[in-house]
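The structure appears right after this line, and notes come after that.
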Amino acid sequence: MEGPVSPLVVLVHGAWHGAWCWTALQSEFDHRGIPSVAIDLPGHGASIEPYGDLLGDAAALTALLAKQQRPVVLVGHSYGGAVISQATAALGNVIHLVYLAAFVPDVGENVTTMSATMPEAPSALAGAIRIDGGFSTIDPSTARDAFYAHCDPMCAVANIARLDRQPFATFTQEATHASWRSTASTYVVCTDDAAVHHSHQQLMAARCTHVETLNTDHSPFASMPVETAEIIARIVRG
């Protein structure tokens, strides 16, 4: 007799990243028999779609989720938290949201205004951002401090080389849905995060059902993949 269907973990990257950033974490899921899939948001990674805004990114994720025939645990990293909050408005198969050092916007909020209204805190990210028309890029010389301070140095080099542009519209468009209000959620606070300060993360984590903590940088999927996988595996196993 077959057992219950294991939920699928769907991974949503943050700004300037792509599905490639989840490789180490997906390997850990494989070792645990947990199925997972990582999406390239429009314009990122291997996507051939044009860059979009928050609603466009959420629509791309919604299309992927609508094809799934099993329950989904939806994971968003950094800006990806806004995407997972927005994408599930018309879906019933998402059983849990995981915010990984991520933004948790309410209706009418966006990433820019959330950052601006939080108490002042140090951030290496502000100094790493470069303006390129309607896009931003990350200065490679400061990217490690901002994103990968706890990662293996060679892993950081490889990740930095894959960073791409990020449209400003993804940060400034307001959310029209807040799925954390109706779906169980877990926030993973990264205490040594130099991009989104842990004090800001704790404010956003207060909106979630459960809170976990990792003593690492902004990229726990690369710096602590085993520990990150264990947190998500516990959610998958119920």
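The values are calculated or read from the model by the stated rules, or taken from the named source; none is laboratory data. Quick caveat, the model's predicted, so the values are computed rather than measured. Don't worry about glycine lacking a Cβ; one is built from the backbone with ideal geometry, like all the others, and counts go over all protein chains shown.
Inspect all residues belonging to segment 52-60 and state whether any of them is within 24 Å of V157 (Cα to Cα) and surrounded by fewer than 24 Cβ atoms within 10 Å (Cβ to Cβ).
no
Return the residue satisfying two criteria in turn: it lies in segment 25-39 and is of a type in the set (A, V, I, L, M) and more than 22 Å from C151 (Cα to Cα), and of such residues it is surrounded by the fewest Cβ atoms within 10 Å (Cβ to Cβ).
V37
Can you tell me which residue within segment 167-183, out of those that are of a type in the set (A, V, I, L, M, F, W, C) and part of a loop (DSSP other than H, G, I, E, B), is surrounded by the fewest Cβ atoms within 10 Å (Cβ to Cβ)?
Selected residue: F168.
Among the listed residues C155, C151, identify the single one that is under 18 Å from F221 (Cα atoms) and not in a loop (DSSP other than H, G, I, E, B).
Result of the check over C155, C151: C155.
For segment 62-87, what are the residues that are polar (S, T, N, Q) and farther than 18 Å from S36 by Cα?
Answer for segment 62-87, where residues must be polar (S, T, N, Q) and farther than 18 Å from S36 by Cα: S78, S85, Q86.
Out of the residues in segment 184-235 meeting the condition of being crowded, with 19+ Cβ neighbours inside 10 Å and hydroxyl-bearing (S, T, Y), tell me which one is farthest from G127 (Cα to Cα).
Looking at residues that are crowded, with 19+ Cβ neighbours inside 10 Å and hydroxyl-bearing (S, T, Y), I get S185.
Among the numbered conditions (1) in contact with a Phe, Trp or Tyr (Cβ under 7 Å, 6 or more places away or on another chain); (2) in a loop (DSSP other than H, G, I, E, B); (3) over 17 Å from S85 (Cβ atoms); (4) not acidic (D, E), tell me where R207 comes up short.
(3)
From (1) out of contact with any His (no Cβ under 6 Å at 6 or more places or on another chain); (2) exposed (fewer than 15 other Cβ atoms within 10 Å of the Cβ), pick out the condition that doesn't hold for S115.
(2)
Out of Q68, Q26, report the one residue that is of a type in the set (S, T, N, Q), in contact with a strand residue (DSSP E or B) (Cβ under 7 Å, 6 or more places away or on another chain) and part of a loop (DSSP other than H, G, I, E, B).
Of the residues listed, the single one that is of a type in the set (S, T, N, Q), in contact with a strand residue (DSSP E or B) (Cβ under 7 Å, 6 or more places away or on another chain) and part of a loop (DSSP other than H, G, I, E, B) is Q68.
Examine segment 88-109 for a residue that is part of a helix (DSSP H, G or I) and either under 16 Å from the mean Cα position of the chain (by Cα) or in contact (Cβ under 8 Å) with a residue 40 or more places away in the chain (or both), and state whether such a residue exists.
No.
Run down A63, A149 and say which single residue is surrounded by fewer than 20 Cβ atoms within 10 Å (Cβ to Cβ), aliphatic (A, V, I, L, M) and over 30 Å from V5 (Cα atoms).
The conditions single out A149.
If I ask for residues that are out of contact with any Gly (no Cβ under 7 Å at 6 or more places or on another chain) and within 27 Å of P167 (Cβ to Cβ), which ones from segment 25-42 would you list?
L25, Q26, S36, V37, A38, I39, L41
Looking at this structure, is A126 under 17 Å from H218 (Cα atoms) and either in a helix (DSSP H, G or I) or free of Cβ contacts under 8 Å to residues at least 60 places away in the same chain (or both)?
yes
Could you check V211 against (1) of a type in the set (A, V, I, L, M); (2) within 17 Å of the chain's Cα centre (by Cα); (3) at pLDDT below 95 and say which number it fails?
Every condition holds for V211 apart from (3).
Take the residues of segment 2-14 that are touching a Gly at 6+ places or on another chain (Cβ under 8 Å) and in a loop (DSSP other than H, G, I, E, B): which is surrounded by the fewest Cβ atoms within 10 Å (Cβ to Cβ)?
For segment 2-14, the residue satisfying everything is S6.
So is S36 of a type outside the set (A, V, I, L, M) and over 16 Å from the mean Cα position of the chain (by Cα) or not?
no
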